[in-house]
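The values are calculated or read from the model by the stated rules, or taken from the named source; none is laboratory data. Just so it is clear, the structure is predicted and the values come from calculations on it, not from any experiment. Here Cβ is always computed from backbone atoms with ideal geometry, including for glycine, and neighbour counts include all displayed protein chains.
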Amino acid sequence: MAIRLFQSQTSMFCEKVRIVLALKKVPYEVVDVKKDDRKSLIEFSGQRKVPVMDYHGQCVIDSTFISALLEQKHPQSSIYPSGTSDKGLCLMLEDWSDEVLIHAIHLMRRAENPEARKEAEKQLAIHLKSLEQLFTGKKFIFDRLTLADIAIFTQLHYLYTVVKYEIPAGYKSLRAWMELMQQSLKLPSLYDVAA
Ligand SMILES: N[C@@H](CCC(=O)N[C@@H](CS)C(=O)NCC(=O)O)C(=O)O
């Protein structure tokens, strides 16, 4: 039995899992799930959200649990920082990104008029300011690239790829970290994908 990832190309949670798989060099098959055709996903997992992993027959739902399972089964290129306390903080930041930051990203995507866009940018700015502080004087959040960086990066990357929004130039440390992530993950330039 193989490893299969039920996914959609634009989902930030699926991108998070694809990055973990790539860092760990784990081979897998992709099952692309279409918005209006979730039959095979529902049959396999009993629910309609992606990502879902078929790990040699074991069904794992949710990017956080999939990442944790991949770390357990494939400990090479660890996605967590060294030290128990930092690991706890890494998991908290992953959760903040998945459960809090995402709401500001969704507001940006759904903003259909200038007024809604202005409000969405105001909400997003609260998080961008925190992140600018977090990345000031730092390469990665912990001693190396971890799941906290990956989770935050995939949310912000979605702003460039889907929302077509560029993080303003004033957020210097945050933008420098985005570029570093882009290079570390060997992805095309942020500006190419935003064009
Ligand atoms: N907490 C989940 C979130 C997954 C999620 O919200 N997936 C979205 C795509 S980004 C989805 O499949 N939505 C379809 C639906 O809700 O019907 C994770 O980390 O995997």
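List of remarks:
- Just one of the listed residues (LYS186, LYS139) is under 23 Å from SER67 (Cβ atoms) and at pLDDT 95 or above, and it is LYS139.
- Scanning segment 72-96 for residues that are of a type in the set (D, E, K, R) and within 15 Å of the ligand (Cβ to nearest atom) returns GLU94, ASP95.
- The residue list LEU93, LEU101, LEU41 contains one member that is more than 14 Å from VAL17 (Cα to Cα), in contact with a strand residue (DSSP E or B) (Cβ under 6 Å, 6 or more places away or on another chain) and either modelled with pLDDT of 95 or more or outside the structural domain of ALA22 (by TED's automatic domain parsing) (or both), which is LEU41.
- Taken together, the residues in segment 173-182 that are under 18 Å from GLU121 (Cβ atoms) and either touching a helix residue (DSSP H, G or I) at 6+ places or on another chain (Cβ under 7 Å) or in contact (Cβ under 8 Å) with a residue 12 or more places away in the chain (or both) amount to 2.
- Strands (runs of 3 or more DSSP E) enclosed by segment 1-84 - at least 2 residues per element that are over 19 Å from the mean Cα position of the chain (by Cα), closer than 24 Å to THR146 by Cα and touching a residue at least 24 places away in the same chain (Cβ under 8 Å): 52-55
- Among the residues of segment 162-173, those identified as in a helix (DSSP H, G or I) and either modelled with pLDDT of 95 or more or surrounded by 17 or more Cβ atoms within 10 Å (Cβ to Cβ) (or both) are VAL163, LYS172, SER173.
- Qualifying positions in segment 1-38 - modelled with pLDDT of 95 or more and touching a His at 6+ places or on another chain (Cβ under 6 Å): LYS24, VAL26
- Summed over segment 109-128, residues that are assigned to a helix (DSSP H, G or I), buried (at least 16 other Cβ atoms within 10 Å of the Cβ) and hydrophobic (A, V, I, L, M, F, W, C) total 3.
- Among the numbered conditions (1) in contact (Cβ under 8 Å) with a residue 40 or more places away in the chain; (2) closer than 30 Å to GLN72 by Cα; (3) not in a helix (DSSP H, G or I), the only one that LEU89 does not meet is (3).
- Unique match (being more than 29 Å from SER82 (Cβ to Cβ) and touching a Lys or Arg at 6+ places or on another chain (Cβ under 9 Å)) among VAL193, VAL162: VAL162
- SER63 meets each of the listed conditions (1) within 16 Å of the ligand (Cβ to nearest atom); (2) assigned by TED's automatic domain parsing to the domain that holds ILE152; (3) of a type outside the set (A, V, I, L, M, F, W, C) apart from (2).
- Among the residues of segment 1-31, those identified as within 9 Å of the ligand (Cβ to nearest atom) and aliphatic (A, V, I, L, M) are MET12, VAL17.
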